[in-house]
Amino acid sequence: MATPRFWLGVAVTAAFVGLLLLRIDYGEMVDALARANYAFLIPAIVVYFLSFAIRSFRWRFLLRPFHPQVRAVRLYPVILIGYMANNLLPMRLGELVRGYFLSTREPVRGSTAFATIVAERVFDGFTLLLLLAAAAAYLSADDLLAFASDTLGLPKALIAVAVVIPYTLAIILIVLISLAPDTAKRLAGSVVKLLPARVSGPAYDLSERFISGFEGLHRPTRLLELLLLSLPVWFAELAVYYIVALGFGLHEYFDSLAAMLAALALMAAMSNLATALPSSQGAVGPFEFFAVLSLEALGVGVGLATAYAVVLHVAVLLPPIAVGLGYLAVRGIAFGQLAGRRPAEGEQAAERECAR
């Protein structure tokens with residue numbers, strides 16, 4: 001049964017797809033699709049799956065305070081399943097699936113795992129902001145903001161604030177929770193007391209475990225290490241964008257390799273920051289719209305930019321779905337059952353594992 005959350009995602013996706021369809025030069029897009037060299041997709045997809053290995057090492061760093069023996073090789077399929085679920089479920093619900101799936105494989109509570117995933121996503125956003133700043137320093141930041149302002153009909157200052165503030169506040173909040181976990185738990189307790197008695201107890205337990213999942217992130221050295229582990233994740237992602245771009249001949253639009261990399265960094269930052277918006281499966285709509293907007297601002301034709309963005313997005317959406325579903329089939333796990341599990345079941349699985 002479709003939920004309000006599902007329809008909100010569909011509405012956001014439809015809005016961005018509609019805006020993009022109004023801007024497309026269909027003749028240029030068809031021509032770009034016909035001339036593209038799709039052989040470049042093979043190394044791009046290989047690099048994309050290698051990026052999951054880098055993410056596995058970063059997640060191991062976050063999980064070590066709770067499970068010192070955790071191995072990156074065991075985290076790789078969990079990340080793969082999480083990405084598969086994000087590509088099949090709306091509103092990034094795959095993050096909940098990833099937390100639950102980890103709790104069935106390792107002695108880590110689902111709520112604690114989810115807290116580490118939140119920290120991951122926040123630092124992904126912060127790293128993207130650094131990429132955006134680096135690209136803006138090389139390119140003309142004011143001209144790019146002016147183009148986005150004219151296209152979206154929003155003030156430049158509002159766009160800049162909307163991009164930067166949420167991730168900055170999220171990092172500050174994580175650090176504050178880490179510095180004063182007892183205070184955070186007391187505040188959570190005050191909030192859950194407003195809930196009905198039958199759910200307030202379990203809700204408080206979940207919030208306590210979630211808050212504990214940020215353990216150690218109040219130390220500057222841990223924050224710096226997490227940032228340094230996030231950089232290669234996005235360098236690998238940027239390599240995927242670059243390889244696919246070669247297949248579409250985008251390098252012909254830039255004077256140098258540095259200019260092309262700056263353009264792709266801008267596009268990667270804008271399109272992936274946009275995936276934080278509520279949307280349907282795989283962030284279809286916001287990703288394409290902001291990817292095309294970024295490239296169009298740098299002089300790439302909207303038809304070519306659209307063809308490139310669509311093929312790129314398909315290349316990072318479909319392979320994890322295919323491999324993830326294949327992995328579940330081999331393990332005898334039904335995706336419908338996995339996606340429908342409640343967090344409490346994951347907690348119980350972790351407790352059983354810890355008791356062994």
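Is it the case, given these coordinates, that MET270 is buried (at least 24 other Cβ atoms within 10 Å of the Cβ) and of a type in the set (A, V, I, L, M)? Yes.
Do the conditions hold for GLY282, that is, is it under 22 Å from LEU89 (Cα atoms) and not hydroxyl-bearing (Ser, Thr, Tyr)? So that I can check it myself, show each step before the final result.
Values: under 22 Å from LEU89 (Cα atoms): yes; not hydroxyl-bearing (Ser, Thr, Tyr): yes.
Criteria met by GLY282.
In the set ALA245, ALA307, ALA265, which member is of a type in the set (Gly, Ala, Ser), closer than 23 Å to PRO166 by Cα and open to solvent by less than 30 Å² (accessible area, probe 1.4 Å)? So that I can check it myself, show each step before the final result.
Numbers: ALA245 fails: closer than 23 Å to PRO166 by Cα; ALA307 fails: closer than 23 Å to PRO166 by Cα.
Residue meeting the stated conditions: ALA265.
Could you tell me whether the stretch 115-133 includes any residue that is on the phi < 0 side of the Ramachandran plot, among the charged types (D, E, K, R) and crowded, with 23+ Cβ neighbours inside 10 Å? Spell out the reasoning first.
Of the residues in the stretch 115-133, the ones on the phi < 0 side of the Ramachandran plot are 115-133.
Next, from what is left, pick out any that are among the charged types (D, E, K, R): 120-121, 124.
From what's left, crowded, with 23+ Cβ neighbours inside 10 Å: none.
Taking every residue of the stretch 115-133 in turn, none turns out to be on the phi < 0 side of the Ramachandran plot, among the charged types (D, E, K, R) and crowded, with 23+ Cβ neighbours inside 10 Å.
Of all residues in the stretch 240-294, those being under 19 Å from LEU317 (Cα atoms) and among the small types (Gly, Ala, Ser) number 13. For the stretch 42-60, the criterion of being farther than 17 Å from VAL310 by Cα, modelled with pLDDT under 90, surrounded by 15 or more Cβ atoms within 10 Å (Cβ to Cβ) and among the aromatic types (Phe, Trp, Tyr) is met by none of the residues. Just one of the listed residues (SER190, SER207) is in contact with a Gly (Cβ under 9 Å, 6 or more places away or on another chain), in a helix (DSSP H, G or I) and either open to solvent by less than 60 Å² (accessible area, probe 1.4 Å) or of a type outside the set (Phe, Trp, Tyr) (or both), and it is SER207. I need the full set of residues from the stretch 210-222 which are open to solvent by less than 60 Å² (accessible area, probe 1.4 Å) and modelled with pLDDT under 75, in order please. Answer for the stretch 210-222, where residues must be open to solvent by less than 60 Å² (accessible area, probe 1.4 Å) and modelled with pLDDT under 75: just GLY216. Residue check: PHE66 meets all listed conditions (1) modelled with pLDDT of 90 or more; (2) of a type outside the set (A, V, I, L, M); (3) open to solvent by 50 Å² or more (accessible area, probe 1.4 Å) but one, namely (1). Condition test on VAL17, is it at pLDDT below 95 and either among the polar types (S, T, N, Q) or under 21 Å from ALA315 (Cα atoms) (or both)? Spelling it out, VAL17 is indeed at pLDDT below 95 and either among the polar types (S, T, N, Q) or under 21 Å from ALA315 (Cα atoms) (or both).
The values are calculated or read from the model by the stated rules, or taken from the named source; none is laboratory data. The model shown is predicted, which means the values in this text are computed figures rather than measured ones. Cβ coordinates were reconstructed from backbone atoms using ideal geometry, including for glycine residues, and neighbour counts include every protein chain displayed. Remember, those area values only see protein heavy atoms, side chains included, never the ligands or the DNA or RNA. Shrake-Rupley method; radii C 1.70, N 1.55, O 1.52, S 1.80 Å.
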